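Read through the structure below, which is laid out as structure tokens, and then see the notes.
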Amino acid sequence: MTLIKSISGIRGTIGGAQGENLTPIDAVKYAAAYGSWVKLQRNKEAYRVVVGRDARISGEMIQQLVMNTLVGMGITVIDLDLSTTPTVEMAVIMEHADGGIILTASHNPKQWNALKLLNNKGEFLNAAEGQKILDLAEAGDIDFAEVDNLGEIHKNDAYIDMHIDEVLDLPLVNAEAIKACGFKVVVDGVNSTGGIAIPLLLEALGVEPVKLYCTPNGEFPHNPEPLKEHLGDLMELVVEEGADFGIVVDPDVDRLAFVDEKGEMFGEEYTLVAVADYVLQNTPGNTVSNMSSSRALRDVTEKHGGTYTASAVGEVNVVEMMKETKAVIGGEGNGGIIYPELHYGRDSLVGVALFLSFLAEQKIAVSEIRKKYTAYFMSKKKIELTPQLDVDAILKAMEAKYASEDINTIDGVKIDFAENWVHLRKSNTEPIIRIYTEAKSQEEADKLADRIISEIREIAG
């Protein structure tokens with residue numbers, strides 16, 4: 001069982017001992033630290049924080065603990081209940097709130113949950129802000145409100161609909177063209193809130209949704225990470241239904257992947273590539289993705305005359321680089337689309353709407369769209385960490401071993417070879433080293449990853 005305290009939030013497994021897992025006491029401790037941080041940011045009389053959750057079994061319990069902790073600090077809570085990460089981000093902006101908390105462990109299995117923390121712009125906290133909250137939690141110097149100054153909870157379940165309205169209002173979302181095509185799309189909502197939001201969006205666009213695992217009960221029918229090996233049911237149903245394509249999202253709906261009309265994976269790395277291609281055709285400019293994302297985005301960006309930049313891994317780092325380079329589209333290769341015209345956050349709803357607009361205008365099958373892009377293949381592997389492993393020393397040794405290659409160390413170690421690359425980094429969310437490789441064939445990508453893993457094991461002894 002695990003509790004991971006990082007600048008990107010507090011993530012852990014439910015049950016077990018306090019301080020070692022995400023127990024009720026830990027949920028209250030870190031919610032209180034966040035509430036203190038909110039008050040330190042803005043000197044005012046009244047504070048408001050938006051709170052929403054995915055459909056995890058533990059979600060309601062954790063949400064009640066978090067919300068009532070904030071109430072006890074004199075903070076008013078806007079309760080979105082079942083929602084999505086991008087919807088909570090949008091609600092912070094639309095409510096002019098002081099921050100937001102999303103209760104979700106993203107792609108982690110059902111025993112996990114987390115507090116993902118937002119600032120008053122509806123964006124994830126930066127490293128300094130996250131560290132301040134960790135420091136406040138450890139110091140335990142928290143002031144709670146007196147009885148006459150307690151906060152309140154205001155329930156608002158309209159925000160998914162409002163989020164969809166904002167998406168439909170975007171100039172590049174061609175709702176008329178989409179409706180004219182009469183698309184039929186299978187949706188795998190992994191029994192979480194994507195099963196609410198994505199079908200509603202499709203219906204608003206005149207698309208027929210075929211629901212697969214769209215009951216938001218938190219009983220994930222397969223591993224919730226949207227990878228090929230977990231999506232056999234979706235791939236089969238797309239073919240059976242004669243659908244135009246399939247959609248799968250993770251439990252909090254900030255990662256998006258497609259299955260083509262033949263039941264084949266479009267490739268989660270290519271979600272961002274295809275959406276960027278559409279955006280750049282209409283609004284030329286720059287793009288950003290993280291260091292672990294495919295070279296295909298660089299290729300598409302340069303085709304349209306823009307400049308591609310790689311950031312450190314982590315949504316906050318991508319957003320910071322997008323602002324710095326004035327990028328018109330960006331995100332992460334794990335299927336995370338960030339479209340600043342709407343907001344600075346990974347958003348599967350806007351990704352679906354833009355992809356459908358692209359598909360409607362191209363008037364070709366999803367499999368044909370995929371053929372437009374250079375075929376890169378990725379291998380994503382990991383090594384479980386033990387307390388005895390000195391990860392920093394391992395990464396330093398790998399950097400030294402490949403010192404003659406093009407090395408980038410802004411986030412772990414990335415080694416760019418002429419025909420492929422490998423990126424090694426400690427995970428922010430799990431006790432593992434991630435090993436990402438990319439090459440011109442799957443065999444080559446897998447072989448490179450296996451070689452690097454062998455070398456790491458040799459160094460580790």
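Every number in this text was worked out from the coordinates using simple rules, so none of it is lab data. These numbers were taken from a predicted model, which means no experiment stands behind them. Glycine also receives a Cβ, built like all others from the backbone with ideal geometry; neighbour counts cover every protein chain displayed.
Amide H of THR307: which non-local residues (sequence gap of 5 or more, or other chain) have their own amide H closer than 5 Å, using H built in the peptide plane?
Correct list: ASN286, THR287.
Applying the Karplus parametrisation 6.51 cos²θ - 1.76 cosθ + 1.60 with θ = phi - 60° to the phi angles of segment 109-119, what ³J(HN,Hα) value in whole Hz is obtained for each residue in order, glycine and proline being reported as x?
These are the phi-based 3J(HN,Hα) values: x, 5, 6, 8, 8, 7, 9, 9, 10, 10, 8 Hz.
Could you work out the relative contact order of the chain? I mean the mean sequence separation of Cα pairs under 8 Å and 6+ apart, divided by the number of residues, in percent.
12 percent
Where in the chain are the helices, taken as whole DSSP H runs, whose Cα atoms extend 20 angstrom or more along the long axis and whose Kyte-Doolittle mean reaches at least -1.0?
Helix filter hits for the chain: 24-41, 268-282, 348-362, 442-460.
Give me the one-decimal Kirkwood hydrodynamic radius in Å for segment 162-370, with the sum taken over alpha-carbon pairs.
Evaluated on segment 162-370, it is 16.7 Å.
Compare the peptides 397-405, 86-94 by average per-residue count of other Cβ atoms within 10 angstrom and give them in order, highest first.
Packing proxy ranking, top to bottom: 86-94, 397-405.
Please report the equivalent ellipsoid semi-axes of segment 3-156, computed as sqrt(5 x eigenvalue) of the Cα gyration tensor, largest first, in whole Å.
21, 17, 15
Would you grab the residues whose amide H sits under 5 Å from the one on LEU385? Only those 5+ places off in sequence or on another chain, please, with H modelled 1.01 Å from N.
Correct list: ILE432, ILE433.
Take every DSSP beta bridge with both residues inside the chain and express the antiparallel ones as a percent of the total, to the nearest 5.
If I count the DSSP bridges inside the chain, around 55 percent turn out antiparallel.
Can you list the GluC sites (Glu not before Pro) in segment 205-247 that are in a DSSP coil and have 15 or fewer other beta carbons within 10 angstrom?
Answer by residue number: GLU219.
Starting from the eigenvalues of the Cα gyration tensor, five times each then square-rooted, give me the equivalent ellipsoid semi-axes of segment 307-368, largest first, whole Å.
Over the Cα atoms of segment 307-368, the ellipsoid semi-axes are 24, 12, 11 Å.
Using only the Cα atoms of the chain, what are the Rg and Dmax in Å?
Both quantities, over Cα of the chain: 21.7, 66 Å.
Of the listed pairs LYS132/LYS380; LYS228/LYS414; LYS228/LYS372; LYS121/LYS179; LYS132/LYS323, which have alpha-carbon separations greater than 30 Å here?
LYS132/LYS380; LYS121/LYS179
I need the trypsin sites (Lys or Arg not before Pro) found in segment 199-284, filtered to DSSP loop residues with at most 16 other beta carbons within 10 Å of theirs.
Filter output for segment 199-284: LYS262.
Check which residues have an amide H placed less than 5 Å from ALA55's amide H, if you skip close sequence neighbours.
For ALA55, whose amide H was placed from the backbone, the distant partners under 5 Å are THR193.
Name the trypsin sites (Lys or Arg not before Pro) in segment 28-74 that are in a loop by DSSP and that have at most 13 other C-beta atoms within 10 Å, would you?
ARG42, LYS44
On the principal axes of its Cα set, how long, how wide and how thick is segment 242-328? Give whole Å, largest value first.
On the principal axes, segment 242-328 reaches 43, 28, 19 Å in Cα extent.
If you average over every viewing direction, what projected area does the convex hull of the Cα atoms of segment 29-103 give, in nm²?
If you wrap the Cα atoms of segment 29-103 in a convex hull and average its projections, you get 4.4 nm².
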